[in-house]
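Trainee: Pasting in a structure now, in structure tokens, and then I'll have a few things to ask.
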Amino acid sequence: MRTCIVTSDFHVPGETFINRHIQHAFGGDTCVLTGRFNGADPFGKPLFVRRAPLGMADKLRAPFAMGWNAAVEGTGRLPFGRNRQRLADWLRDQHVQVILAEFGTQALVVAKLGAALDIPVFTYFRGTDASFALRSRQIVRAYRRMMPRLAGVFSVSQFLLDNLAAHGVTHPNAHVVPSGVDIRRFAPRAKTPGTFLAVGRMVEKKAPQVTLRAFATAARGRDAHLTFIGDGPLLDTCRTMAAALGVTDQVTFAGALPHDAVRQRLEITETFLQHSVTAQNGNTEGLPTAIQEALACGCITLSTIHAGIPEAVEHGVNGLLVPEWDEQGFAARIAQVLDMSDRSAMTRAARATAEAKFDNAVLLQKMERIMREAPTPRP
């Protein structure tokens, strides 16, 4: 089933979930519609860059077209004029049978055109598009107008669907399908006792400074080591903080690493830490891929009661949870793990969770089945 994957940027190595769809959806019978092309195409797929320079006629038409779309559709993102015709011709030439827009904001671009061409359009809500984006009444209005044009909706967590519904954005064909993980590649190896790992951008939503202070409180002077993988605006702050807390010999800041290097570290790490919080701008997680990968590798996961995380981490079974910003509680959970005489039961439960809920081969088949069965809505 020829599928067009819609994304804002192509290619982004860290967007493993999007890249997996480009490579493997419907046997890899895919093409890519992107806002921006980053210069690398490792998959060799047909590519349409929608933010190509406008011709003279479209430049003159742009203020009226974008203003009209913003007033009527709630968004000025819709293609218009010659670019719209080029995109429509390309979709026909590629014999596209279904469109999958990665992130709800990307679906705003193609929902109306897909319906006009009788091509079913699905979207995948993953986090910021169903949290921070909803602070804009314009986006909420655009989503509400878009929904009847969609053949279906996917979300990585029930939390995000509930968040959308609280803003009056619903679809009768909505499904929770986590991004998933390749459980054949992400698998446990012999664990190094006392090892802790945090993976992700060093940004407000990940609260790495809370993770660091909690680790220092619980593990300072004990046989324990924490590695941070990721870069971002809070990296230097955390490095300085580690020195001030006196734990520089127990903490490593590895910076950004290739995905295979992350996998190799997860395989031998005993405990995974992710203190996710709601950012001041309302941005939340959906269901972090890193947590799914950690569970697959048999890592005991310490995290927060945030977004879709409790849908993956069962407190006291495969990990431990605390409320957002509960630094003392997080420290206590780290100490609890260090004090366990036998951590193997949680390790086995973590792996079992990934096998039962996050096998991306199973989840891909589920997504494909739903897309095959859905009717095309009318414009």
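Trainee: One residue is enough: does segment 194-201 have a residue meeting the conditions out of contact with any strand residue (DSSP E or B) (no Cβ under 9 Å at 6 or more places or on another chain), under 22 Å from GLN280 (Cβ atoms) and outside any loop (DSSP other than H, G, I, E, B)? Before you say what the answer is, go through the steps one by one.
Mentor: Here is the first cut: in segment 194-201, the residues out of contact with any strand residue (DSSP E or B) (no Cβ under 9 Å at 6 or more places or on another chain) are 201.
Next, from what is left, pick out any that are under 22 Å from GLN280 (Cβ atoms): 201.
From what is left, the residues that are outside any loop (DSSP other than H, G, I, E, B) are none.
No: segment 194-201 contains no residue that is out of contact with any strand residue (DSSP E or B) (no Cβ under 9 Å at 6 or more places or on another chain), under 22 Å from GLN280 (Cβ atoms) and outside any loop (DSSP other than H, G, I, E, B).
Trainee: For segment 237-270, which positions are open to solvent by less than 70 Å² (accessible area, probe 1.4 Å) and over 26 Å from the mean Cα position of the chain (by Cα)?
Mentor: Passing the criteria: MET241, ALA242, ALA243, LEU245, GLY246, VAL247, GLN250, VAL251.
Trainee: Would you be able to say whether some residue in segment 64-73 is acidic (Asp, Glu), assigned to a helix (DSSP H, G or I) and surrounded by fewer than 15 Cβ atoms within 10 Å (Cβ to Cβ)?
Mentor: No, because not a single residue in segment 64-73 is acidic (Asp, Glu), assigned to a helix (DSSP H, G or I) and surrounded by fewer than 15 Cβ atoms within 10 Å (Cβ to Cβ).
Trainee: A further question follows. Can you pull out the residues in segment 74-101 that are at pLDDT below 95, not charged (D, E, K, R) and not in a helix (DSSP H, G or I)?
Mentor: Residues satisfying the conditions are GLY74, THR75, GLY76, LEU78, PRO79, PHE80.
Trainee: May I pose another question? Working only within segment 77-95, note down all residues that are open to solvent by less than 30 Å² (accessible area, probe 1.4 Å) and under 25 Å from the mean Cα position of the chain (by Cα).
Mentor: Scanning segment 77-95 gives a single hit, LEU78.
Trainee: If you don't mind, there's one more thing I want to ask. Does ALA218 meet the test of being at pLDDT 95 or above, out of contact with any strand residue (DSSP E or B) (no Cβ under 8 Å at 6 or more places or on another chain), open to solvent by less than 50 Å² (accessible area, probe 1.4 Å) and assigned to a loop (DSSP other than H, G, I, E, B)?
Mentor: Working: at pLDDT 95 or above: yes; out of contact with any strand residue (DSSP E or B) (no Cβ under 8 Å at 6 or more places or on another chain): yes; open to solvent by less than 50 Å² (accessible area, probe 1.4 Å): yes; assigned to a loop (DSSP other than H, G, I, E, B): no.
Answer is no for this residue.
Trainee: Same structure, new question: Within segment 164-187, can you find the residues that are part of a loop (DSSP other than H, G, I, E, B) and within 17 Å of GLU267 (Cα to Cα)? First the steps, then the outcome.
Mentor: Applying the first criterion (part of a loop (DSSP other than H, G, I, E, B)) to segment 164-187 yields 167-173, 177-180, 182-187.
If the condition is that a residue be part of a loop (DSSP other than H, G, I, E, B) and within 17 Å of GLU267 (Cα to Cα), then GLY180, ASP182, ILE183, ARG184, ARG185, PHE186, ALA187 are the ones that fit.
Trainee: Oh, and also: Out of contact with any His (no Cβ under 9 Å at 6 or more places or on another chain), open to solvent by 60 Å² or more (accessible area, probe 1.4 Å) and under 18 Å from VAL313 (Cα atoms), is that true of ARG343? Explain how you work it out, then say what you get.
Mentor: Working: out of contact with any His (no Cβ under 9 Å at 6 or more places or on another chain): yes; open to solvent by 60 Å² or more (accessible area, probe 1.4 Å): no; under 18 Å from VAL313 (Cα atoms): yes.
Criteria not met by ARG343.
Trainee: Condition check: polar (S, T, N, Q) and open to solvent by 70 Å² or more (accessible area, probe 1.4 Å). Does THR170 satisfy that?
Mentor: yes
Trainee: Here is a follow-up. THR227 fails exactly one of the following numbered conditions: (1) of a type in the set (S, T, N, Q); (2) within 18 Å of ALA107 (Cα to Cα); (3) over 21 Å from the mean Cα position of the chain (by Cα). What is the number of that condition?
Mentor: Of everything listed in (1) of a type in the set (S, T, N, Q); (2) within 18 Å of ALA107 (Cα to Cα); (3) over 21 Å from the mean Cα position of the chain (by Cα), THR227 misses just condition (2).
Trainee: Name the residue that is most open to solvent (accessible area, probe 1.4 Å), counting only residues in segment 7-49 that are charged (D, E, K, R) and in contact with a strand residue (DSSP E or B) (Cβ under 6 Å, 6 or more places away or on another chain). Please lay out each step first, then the result.
Mentor: To start, the set of residues in segment 7-49 that are charged (D, E, K, R) comprises 9, 15, 20, 29, 36, 41, 45.
Of the ones still in play, those that are also in contact with a strand residue (DSSP E or B) (Cβ under 6 Å, 6 or more places away or on another chain) are 9, 36, 45.
Working: ASP9: 35, ARG36: 99, LYS45: 37 Å².
Ranking the candidates gives ARG36 first.
Trainee: For segment 130-149, give me the residue count where each residue is farther than 13 Å from PHE103 by Cα and either not hydrophobic (A, V, I, L, M, F, W, C) or not in a helix (DSSP H, G or I) (or both).
Mentor: Total satisfying the criteria: 9.
Trainee: If LEU338 meets every condition in (1) within 25 Å of VAL203 (Cβ to Cβ); (2) of a type in the set (A, V, I, L, M, F, W, C); (3) assigned to a helix (DSSP H, G or I) apart from one, which number is that one?
Mentor: Of (1) within 25 Å of VAL203 (Cβ to Cβ); (2) of a type in the set (A, V, I, L, M, F, W, C); (3) assigned to a helix (DSSP H, G or I), only one is false for LEU338: (1).
Trainee: Starting from residues that are within 35 Å of the chain's Cα centre (by Cα) and loosely packed, with under 11 Cβ neighbours inside 10 Å, keep the ones in segment 53-63 and report whichever is nearest to ASN83 (Cα to Cα).
Mentor: PRO53
Okay, residues lined up against (1) more than 30 Å from LEU150 (Cα to Cα); (2) basic (Lys, Arg):
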position: PRO310; (1), (2): no, no
position: VAL313; (1), (2): yes, no
position: GLU327; (1), (2): yes, no
position: MET340; (1), (2): yes, no
position: MET346; (1), (2): yes, no
position: ARG351; (1), (2): yes, yes
position: GLU355; (1), (2): yes, no
position: ALA361; (1), (2): no, no
position: GLN365; (1), (2): no, no
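Trainee: So in segment 310-328, with the set limited to residues that are in a strand (DSSP E or B) and either farther than 16 Å from LEU338 by Cβ or among the aliphatic types (A, V, I, L, M) (or both), which one is most open to solvent (accessible area, probe 1.4 Å)?
Mentor: Residues of segment 310-328 that are in a strand (DSSP E or B), as a first pass: 315, 319-322.
Keeping just the survivors that are either farther than 16 Å from LEU338 by Cβ or among the aliphatic types (A, V, I, L, M) (or both) gives 315, 320-322.
Working: HIS315: 92, LEU320: 4, LEU321: 21, VAL322: 4 Å².
The residue in question is HIS315.
The values are calculated or read from the model by the stated rules, or taken from the named source; none is laboratory data. Because the structure is a prediction, the values reported are computed rather than measured. Here Cβ is always computed from backbone atoms with ideal geometry, including for glycine, and neighbour counts include all displayed protein chains. The protein model used for the area step is the full one, side chains on, heavy atoms only, and it has no ligands, DNA or RNA in it. Shrake-Rupley method; radii C 1.70, N 1.55, O 1.52, S 1.80 Å.
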